[in-house]
Amino acid sequence: MNTRKSMLSGWGQYPQQLTERLTPHSKRGISEHLAHSSSLDDSPSLIARGLGRSYGDSALAEQVMQTEHLNHYMAFNADSGELECAAGVSFAELLAIFVPRGWFLPVTPGTKFVTVGGAIASDVHGKNHHVHGCFSQHVTQLTLALANGEVVTCSPDDKAQLFRATCGGMGLTGVILQARFKLIPIESAYIQQRSYKSANLAETLALFEEHDSATYSVAWIDCLSTGDKLGRSLLMLGEHATDGELQAHRDSKLNVPLNMPGLLLNRYSIQAFNTLYYHKHTQTHAQSSLHYEPFFYPLDGIRNWNRLYGKNGFTQYQFVLPKSAGLEGMTRILKAIAESKRGSFLAVLKAFGEANDHYLSFPTEGYTLALDFKIDATLFSFLEKLDRIVLDYGGRLYLTKDARMSEATFKQSYPQWQTFQEVRHQYGADRVFNSLQSQRLGL
Amino acid sequence: MKNILVIGATSAIAEQTIRLYAQQGSNLLLLGRDEEKLQLICNDANVRGAHEADFLRLDVNDFDSHASVLEKAYTKLGRLDLVLIAHGSLPNQQACQQQVSTTLRELNTNAVSTISLLTLLANQMEQQGWGTLAVITSVAGDRGRQANYVYGAAKGMLSIFLQGLRNRLYPKGVHVLDIKPGFVDTPMTADFPKGPLWANPQAIANSIVKAVERKRNTLYTPFFWRWIMLIIRNIPEFIFKKMKL
Ligand SMILES: Cc1cc2nc3c(=O)[nH]c(=O)nc-3n(C[C@H](O)[C@H](O)[C@H](O)COP(=O)(O)OP(=O)(O)OC[C@H]3O[C@@H](n4cnc5c(N)ncnc54)[C@H](O)[C@@H]3O)c2cc1C
Ligand SMILES: NC(=O)c1ccc[n+]([C@@H]2O[C@H](COP(=O)([O-])OP(=O)(O)OC[C@H]3O[C@@H](n4cnc5c(N)ncnc54)[C@H](OP(=O)(O)O)[C@@H]3O)[C@@H](O)[C@H]2O)c1
């Protein structure tokens, strides 16, 4: 097996960790490595890693097991749309093959550069969470390498506890080797988009309510506006179009080759961007047809855009508040952000549907807001202030974006963490699979 | 639809090439010795869009089986549009120096087995008067170096064999392509530290598909190896013999 030791980080480039990268060539290679390292008394901390699109320290440990060579398809049923593939297959590759044949992902996050394994381990959601739930809810079976190298399958009905711990389990139960899930049929690669402008937060939330039957919905929120404009947004709704070609995306050519000076993204440039973006859309209601690429993956067009934040990196702060707390809690948080004058280049608001029963899954019914912040000396104390508001309203933070929350915050907001730990212990996973994040959170 | 036979189909470079042909809807027959891996690659090719992908077991060093396995392949595929031969192994040069049997085994794996297969395949292709024989050799065959001259000699022998074969089959409508990769990041080179000259097997596969289409004779891949090897071939021997390469 090929190994390299180098500094590694998540998408936010914070924190950095000296890591040995294992790149096993096969499932067997993974099993053998696990069988060996679990027999040692003192083995380095180990965690699976896909494409490293989690922002913080979820996919960081002394050793990471990269799934890049687990990139095979096992079977596809063209009648039911059920696909079985290896965990290292990326959503980008999958779309390139299946869109031309009229199939799409049941749920997709805001980048296509994620692996199937990473999507399951983070229990990712998309713009259709309110109708279709998380990605893992479309998974009918998982194949997992356990701590001792043994390979088992699990599903919602078979070893259900292991399944519920693994979906959203951040790699802490084992290495997902392959998965079976259902694609959805499409007639076109295009999306019918409708957009609405709202003048303030109350209007924004009302728009979500009003359009809760739309398949895809998301709002971009101008987080630097204040006063009676606080929370003004652009709401975007989408439905798969019925006409237009079944054409997959093209590979992007734009790249940010190096870390940019951190000064590039400052309060003024962000404010200018946000104001321009809001006013670019002049009507309060517009309709258009666009390809799935700009609709779902607007940032994928520029590779390594994370380097725009400079070498100190950035973090994404994504929280969810229960529906009942929505307007009040969100207002408090937006006010705190606007007062702090810390802009977020992108602030994305979404309405979540019902929670699922995966122990560490993030979404719960309510509203979620995601904000990118450049890291500086005072950021984390500011975020702790936000944490307290989130906890006050019974909310929580998304593990796959997190690089800094405290153990206490985590344990208070993820009430099923103990059940998760028990399942982990039952399968011997707690001895072997540990990330920087799990150690920080006391798992 | 193309009928394609791949020998050494579990090689990382072959596998990436198979994916590209599968996506084009080709009919694929894969030969190799590791049936578990062959099954994995076949299933993958079938999902990616192959008209049909199937495999047969072949250990290339079992010379006696060559004729019968190839007969089965002809029966299964019918007309051959493309044969890609990819198997090989990277010998430990020190071990070859210590043990004659190791040297001979490496020469068999990297050259004699391929020549045996090509002898049979060439007659079949000549008869059909159509198709392409594509064989992966290596830039290492362009000049002998102390670090790996057993491998180099085997690959060099293959390249000369292919030149002659190309010359013989040209008037019969059969094309012969010699593929010379530089450093490629595959299981074969897993233990080597990687640097800027290294390519991934996807890039090599893309260049192979293009070279087959354009009926190129010799493909250096990535392209810059043509120039590197031009320089290396032209260093006078009285200097070359003193170099540590
Ligand atoms: C631009 C951008 C937009 C995003 N938008 C969204 C969004 O809309 N919704 C959303 O939910 N998320 C979103 N994300 C987050 C992203 O979807 C998740 O972080 C996802 O898990 C990344 O997948 P990955 O393959 O890169 O995994 P990694 O980042 O490599 O790993 C993430 C976690 O999964 C585990 N893991 C990875 N592979 C395996 C495996 N084979 N077996 C077991 N565990 C494994 C790791 O241990 C780690 O805990 C976004 C990220 C970016 C960069
Ligand atoms: N990687 C490089 O840097 C590089 C450079 C120049 C040329 N090449 C050449 O490229 C070709 C492909 O190699 P690769 O880089 O893709 O490496 P690879 O993945 O290690 O492939 C080598 C293949 O040869 C097969 N093989 C070895 N002995 C065999 C035997 N007796 N019978 C049947 N199959 C046998 C192996 O089968 P198993 O899977 O069963 O082991 C494996 O599939 C080789 O000819 C190699 O010499 C490689």
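Every number here is computed from the coordinates shown, using simple stated rules; none is lab data. Remember, predicted model here, so these are calculated numbers, not experimental data. Reconstructed Cβ throughout: ideal geometry from the backbone, glycine too, with neighbour counts over all protein chains shown.
For B:Lys155, which aspartates and glutamates qualify as cross-link partners when the Cα separation must be under 12 Å and same-chain residues fewer than eight apart are set aside?
Those aspartates and glutamates meeting the cut-off are B:Glu106, B:Asp142, B:Asp178.
Any idea what the dipole of the protein assembly as shown comes to, in debye rounded to 20, about its Cα centre with Lys/Arg Cβ at +1 and Asp/Glu Cβ at -1?
It works out to roughly 2560 debye.
Please express the shape of chain B as an equivalent ellipsoid: the semi-axes are the square roots of 5 times the eigenvalues of the C-alpha gyration tensor, given largest first in whole angstrom.
29, 19, 19
From other protein chains only, count the Cβ atoms within 10 Å of every residue's Cβ in B:22-28, then give the mean.
1
In which sequence would A:Phe362, B:Phe183 go, from the one with the fewest C-beta neighbours within 10 Å to the one with the most?
With the sparsest Cβ surroundings first, the list reads B:Phe183, A:Phe362.
Using helices alone, what [θ] at 222 nm do you get for the protein assembly as shown, with -39,500 (n - 2.57) per DSSP H run of 4 or more residues, divided over all residues and rounded to the nearest 500?
Here the helix-only value at 222 nm equals -10000 deg cm²/dmol.
Rounded to whole Å, give me the distance from the Cα center of region A:82-112 to that of region A:289-327.
20 Å
Can you sort A:Cys223, A:Cys85 so the residue with the fewest Cβ neighbours within 10 Å comes first?
With the fewest neighbours first, A:Cys223, A:Cys85 line up as A:Cys85, A:Cys223.
List the relative contact order of region A:73-186 as a percent without decimals, with contacts defined as Cα pairs under 8 Å and 6+ residues apart.
Averaging sequence separation for qualifying contacts and normalising by length gives 33 percent for region A:73-186.
So which lysines can B:Lys2 reach, going by Cα to Cα under 17 Å and dropping same-chain residues fewer than 8 places off?
Straight-distance partners of B:Lys2: B:Lys76, B:Lys210, B:Lys215.
Among DSSP bridges having both ends in the protein assembly as shown, what percentage is antiparallel? Round to the nearest 5.
The antiparallel proportion sits near 65 percent.
What is the calculated FRET efficiency for A:Lys5 to A:Thr226, with r their C-beta to C-beta distance and R₀ = 51 Å, to the nearest 0.05?
0.60
Counting DSSP beta bridges in region A:1-74, what percent are antiparallel, to the nearest 5?
The answer is about 50 percent antiparallel.
Once the Cα gyration tensor of region A:1-103 is diagonalised, what are the square roots of 5 times its eigenvalues, in whole Å and ordered largest first, as equivalent ellipsoid semi-axes?
Ellipsoid half-lengths, sorted descending, are 30, 18, 10 Å.
Treating cross-link reach as a plain straight distance, find the lysines whose alpha-carbon is under 25 Å from the alpha-carbon of A:Lys27, omitting any fewer than eight places away in the same chain.
Hits, sequence-local ones excluded: A:Lys5, A:Lys112, A:Lys159, A:Lys182, B:Lys37, B:Lys194.
What would the Debye equation give as log₁₀ I(q)/I(0) for chain A at q = 0.10 Å⁻¹, counting only Cα atoms as equal point scatterers?
Here log10 of I(q) over I(0) equals -0.69.
Could you work out Rg/(2.2 N^0.38 Å) for region A:11-57, with Rg from alpha carbons only?
Relative to the 2.2 N^0.38 Å estimate, region A:11-57 comes out at 1.35.
May I ask for log10 I(q)/I(0) of region A:283-437 at q = 0.10, 0.14, 0.17 Å⁻¹, from a Debye sum over the Cα atoms as equal point scatterers with solvent left out?
-0.45, -0.86, -1.16
Using only alpha carbon pairs under 8 Å that are at least six residues apart, calculate the relative contact order of region A:296-377 and give it in whole percent.
41 percent
Can you give me the C-alpha center-to-center distance between region B:145-172 and region A:130-208, rounded to a whole angstrom?
Here the two parts' Cα centres lie 52 Å apart.
Counting alpha carbon pairs within less than 8 Å and at least 6 residues apart, what relative contact order, in whole percent, applies to chain A?
The normalised contact order for chain A reaches 19 percent.
Compute for region A:190-405: radius of gyration divided by Kirkwood radius, i.e. Rg/Rh, restricted to C-alpha atoms, rounded to two decimals.
With Rh from the inverse mean 1/r over Cα pairs, Rg/Rh is 0.95.
Please report the Cα spread of region A:361-443 along all three principal axes, rounded to whole Å, starting with the longest.
The Cα atoms of region A:361-443 stretch 39, 31, 18 Å along the principal axes, largest first.
Towards the positive end of the charge dipole of region A:190-405, with charges on Cβ (+1 Lys, Arg; -1 Asp, Glu), say which of A:Ile389, A:Leu321, A:Phe208 has the farthest Cα.
Checked the options; the winner is A:Ile389.
For region A:73-186, treating each Cα as an identical point scatterer without solvent, what Debye log10 I(q)/I(0) comes out at q = 0.13, 0.19, 0.22 1/Å?
Debye output, listed in q order: -0.44, -0.96, -1.28.
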